[in-house]
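Peer 1: First, the structure itself, so that you have it in front of you.
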Amino acid sequence: MQTQNYQEKLGGVFSRAWSDPAFKLRLKANPNEVLSEIGIDLPSDVSLEVVENTPTKTYLTLPLPPQYDHIGDEEITGPTGGKKGGETSNVCITLICKSVGCK
């Protein structure tokens, strides 16, 4: 899956979860199924947990370490992952997808 396409789909998930309480409940209860419905398929052995930030609590998710033989140095260097303009989300999504095998 291309990173931009993945980002667009994931942005749609966030937007819908903010505006549709029933969708948010389904997403929290069965995220793999809901994401699959919109075309984000995770491997069957990957379990996804959805947590929601609140005004007083924010979650920091530590990703798996990158597999350096699968990505270039330019994707992992510097505070923004080697990308200009602080586009760390692109790098994070790339690393996550490469780690778990998004389709």
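Peer 1: For segment 71-89, state whether one or more residues are at pLDDT 90 or above, surrounded by 15 or more Cβ atoms within 10 Å (Cβ to Cβ) and β-branched (Val, Ile, Thr).
Peer 2: Checking segment 71-89: not a single residue is at pLDDT 90 or above, surrounded by 15 or more Cβ atoms within 10 Å (Cβ to Cβ) and β-branched (Val, Ile, Thr).
Peer 1: Return the total of residues in segment 21-71 being farther than 22 Å from Asn5 by Cα, over 16 Å from the mean Cα position of the chain (by Cα) and not β-branched (Val, Ile, Thr).
Peer 2: The qualifying residues number 11.
The values are calculated or read from the model by the stated rules, or taken from the named source; none is laboratory data. None of the values given here were measured: they were computed from a predicted structure. All Cβ positions, glycine included, derive from the backbone under ideal geometry; neighbour counts span all protein chains shown.
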